[in-house]
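Colleague: Take a look at this one; I'll ask things after.
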Amino acid sequence: MSTQIPGSDAQLDALLRRRDTALADVLAADRDRRLALVFAEEAEFWSSLYRRSRSRVAWRGALAAEAWARHNAAIWRERADASARGLDGTDPGGRLEVATWAASGS
């Protein structure tokens, strides 16, 4: 029995390229938001694969991959929200703020 679902390899490759590009772009102002979105899309991909799979091994792997992608999406979404509120050491414009203890020489 084949576990191959037509088009799934190309779709996954495209998602992984987008994820790797966003991970590598460490200076991008919207990196956290982009990563949250791509991990959420990856989770949806794995969920879809899980629902269409006929093989127990394939659906168990897809279920685990979906959980991992959802976990990562939540982490990056939290980081994006913190960044938007200026809670990550930057103001919303992306400029570094000087910590008060560092400025006071303590």
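Colleague: Please determine whether any residue of the range 78-98 is at pLDDT 85 or above, crowded, with 17+ Cβ neighbours inside 10 Å and among the charged types (D, E, K, R).
Modeller: yes
Colleague: Pick from the range 66-86 the residues that are of a type in the set (K, R) and part of a helix (DSSP H, G or I): which of them is farthest from L49 (Cα to Cα)?
Modeller: R79
Colleague: Of everything in the range 7-39, what is assigned to a loop (DSSP other than H, G, I, E, B) and either closer than 20 Å to S83 by Cβ or charged (D, E, K, R) (or both)? Give them in sequence order.
Modeller: Once the filter is applied, which keeps residues that are assigned to a loop (DSSP other than H, G, I, E, B) and either closer than 20 Å to S83 by Cβ or charged (D, E, K, R) (or both), the range 7-39 yields D25, V26, L27, A28, A29, D30.
Colleague: Separate question: Report yes if L49 is in a helix (DSSP H, G or I), over 27 Å from A82 (Cβ atoms) and of a type in the set (A, V, I, L, M), otherwise no.
Modeller: Criteria met by L49.
Colleague: Look through the range 18-54, keep the residues that are closer than 16 Å to N72 by Cα and among the basic types (K, R), and return whichever of them is surrounded by the fewest Cβ atoms within 10 Å (Cβ to Cβ).
Modeller: That would be R18.
Colleague: A follow-up question, please. Please go through the range 31-46 and pick out each residue that is of a type outside the set (V, I, T) and without any contact (Cβ under 8 Å) to a residue 40 or more places away in the chain.
Modeller: Within the range 31-46, R31, R34, L37, F39, A40, E41, E42, A43, E44, F45, W46 qualify.
Colleague: Which ones in the range 50-78 are out of contact with any Asp or Glu (no Cβ under 7 Å at 6 or more places or on another chain) and of a type in the set (F, W, Y)?
Modeller: Listed by number, the residues that qualify are W59, W68.
The values are calculated or read from the model by the stated rules, or taken from the named source; none is laboratory data. All values derive from a computational prediction rather than experimental measurement. Please note: Cβ atoms are built from the backbone with ideal geometry, for glycine as well, and neighbour counts cover all protein chains shown.
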